[in-house]
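What follows is a single structure, written as structure tokens, with notes after it.
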Amino acid sequence: MKKEEKIGLSEAIKRHYRTEPLKTQLPMAVADRIFGKKTFSAGDVSLYFLAALCGLAILALCVWALSQCSFSPLLMGAGISMAAFFWLSYKEMLIWLDV
């Protein structure tokens, strides 16, 4: 009978699989991709413009729908919350653009 030798797990991996250490530091590469300088193209800017245009259209529709009712406090609350939402969206866009 054939006599089998006992080997450790790391030795078995070395024999049966071709492995090599990573050539780059994985945490640094991931951090650079996430937190690195962002580059924006004309397509990104047009996408932001389209999103802002859609947001303004939704705002106009909401104001028009609420103006039909006589709930002026509700209209003011909705207007204030929408203004706060758009202000926060603008601030976030400035952060993404690094301005």
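The values are calculated or read from the model by the stated rules, or taken from the named source; none is laboratory data. Values in this document were obtained by computation on a predicted structure and should not be read as measured data. For the accessible areas, the whole protein counts, side chains as well, though only heavy atoms, and no ligand, DNA or RNA atoms are used. Shrake-Rupley method; radii C 1.70, N 1.55, O 1.52, S 1.80 Å.
Determine whether the range 68-87 contains at least one residue that is small (Gly, Ala, Ser), open to solvent by 100 Å² or more (accessible area, probe 1.4 Å), modelled with pLDDT under 80 and not in a helix (DSSP H, G or I).
The first filter runs over the range 68-87 and keeps only residues small (Gly, Ala, Ser), leaving 70, 72, 77-79, 81, 83-84.
Checking which are open to solvent by 100 Å² or more (accessible area, probe 1.4 Å) leaves us with 70.
This time we only want the ones that are modelled with pLDDT under 80, so: 70.
Subsequent filtering for residues that are not in a helix (DSSP H, G or I) retains 70.
Checked against the condition, which is being small (Gly, Ala, Ser), open to solvent by 100 Å² or more (accessible area, probe 1.4 Å), modelled with pLDDT under 80 and not in a helix (DSSP H, G or I), the range 68-87 yields at least one hit.
Yes or no, residue by residue, for (1) open to solvent by less than 70 Å² (accessible area, probe 1.4 Å); (2) in a helix (DSSP H, G or I); (3) at pLDDT 80 or above:
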site	(1), (2), (3)
Lys6	no, no, no
Arg15	no, yes, no
Thr24	no, no, no
Arg33	no, yes, no
Ala51	yes, yes, yes
Leu56	no, yes, yes
Ala60	yes, yes, yes
